[in-house]
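Notes for the one structure printed next.
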Amino acid sequence: MDKLVNCLYRKPEALFRLICFPWAGGGSIHYAQWGKHFDNSVEVYSLRLAGRETRSKEPFMQNIHQLIHEIANILLPSLKEKPFAFFGHSLGSYLSFATAEYLKRYHDLEPVHMFFSGAPAPHTAAQFALKKSDLPDDEFLKWMTSIGGTPSEILANKETLQLFVPILKADLRLVELIRYEKPQMKFFSCSISSFDGKEDMPYDLEAWRDLTTGEFTSQSLSGGHFYLKEPDNEKFLISYITKHLETAESDYL
């Protein structure tokens, strides 16, 4: 568990666990810090993937199925303990969706709420139809910069870039392997919320509605692809998640 999960603020009496999935090339620290902003009803698990941070010597996952199998099976005991929700941004949206689908299909478990950020629904993700992960590093970075997919602090540091690009490419390969058709019947029953930045490239946020019979909402906040790093937006997201988990609590009980 400690290999996969970064939980800086343990809350054993929490009513819910919020499982946070990293964006492409991302680590676990950003979401792990969210734990201090939630009250004692929410414990934050931030996922740490192979090839980064304390797992830097582990090889990258070669396919999405290998990654989802690891995440789902390590988390399974804790997910059975109490209600849980998923939050993912960009790549993290697809990883959280794929994990939720696996859990529903093979373990009949479902989050009480899924929060998807900075990504279109998987059956509309046409931008990943053409492989970009095999581009030379300079062309790859130009493309990532053009779509807003690289944090500015990474682009500003050449030494960091050298470490960052292999991780980013490995993560993107996982996304490029995702193929998901629009479901004939809605697979989930939980609530779904989707978000993006108003200055980011346009996403079909409404298409996430196709995946659930539960309540659906979507919102655009000020900022670009990494709008969620802005303090005001972060404050809004934490308040929004808290409010909707409180609603989920009454429905769950």
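Of all DSSP beta bridges located in the chain, what percent are antiparallel, nearest 5?
Of those bridges, close to 5 percent are antiparallel.
If each of SER78 and HIS37 carries a label point 7 Å out from its Cα toward its Cβ, how far apart are those two points in nm?
Going from the SER78 label point to the HIS37 one covers 2.0 nm.
Test of understanding: what is the full-extension gain from LEU109 to THR213, defined as 0.36 nm times their sequence separation minus their Cα-Cα distance?
My answer for the length gained is 35.9 nm.
Explain nothing, just compute: Karplus ³J(HN,Hα) = 6.51 cos²θ - 1.76 cosθ + 1.60, θ = phi - 60°, for every residue of segment 59-73 in order, whole Hz, x for Gly and Pro.
Those phi angles translate into x, 5, 5, 8, 8, 5, 5, 4, 5, 5, 4, 5, 4, 5, 6 Hz.
List the residues whose amide H sits under 5 Å from the amide H of GLY224, counting only those 5 or more places along or on another chain, with H placed 1.01 Å from N in the peptide plane.
For GLY224, the qualifying residues are GLU199.
In segment 201-233, whose amide N lies under 12 Å from the spot 7 Å out along Cα-to-Cβ of LYS182? List them in ranges.
Output list for this probe position: 207-211.
Given the options SER239, SER41, SER146, state which has the largest fluctuation in a GNM of the chain using a 10 Å cut-off (strictly under) for Cα springs.
Maximum fluctuation in the GNM of the chain, among the listed residues, is at SER146.
How much length, in nm to one decimal, is gained on full extension between LYS198 and SER220, taken as 0.36 nm per residue of separation minus their Cα-Cα distance?
The LYS198-SER220 span can extend by a further 7.4 nm.
Nearest 500 deg cm²/dmol is fine: what mean residue ellipticity at 222 nm does the chain get from its DSSP H runs of n ≥ 4 alone, each adding -39,500 (n - 2.57), divided by its residue count?
Estimated from H runs of four or more residues: -11500 deg cm²/dmol.
Each reported figure results from applying straightforward, stated rules to the coordinates on display, with no laboratory input. All values reported here derive from a predicted model rather than from experimental measurement. So basically every Cβ, Gly included, is an ideal-geometry build from the backbone, and we count neighbours across all protein chains shown.
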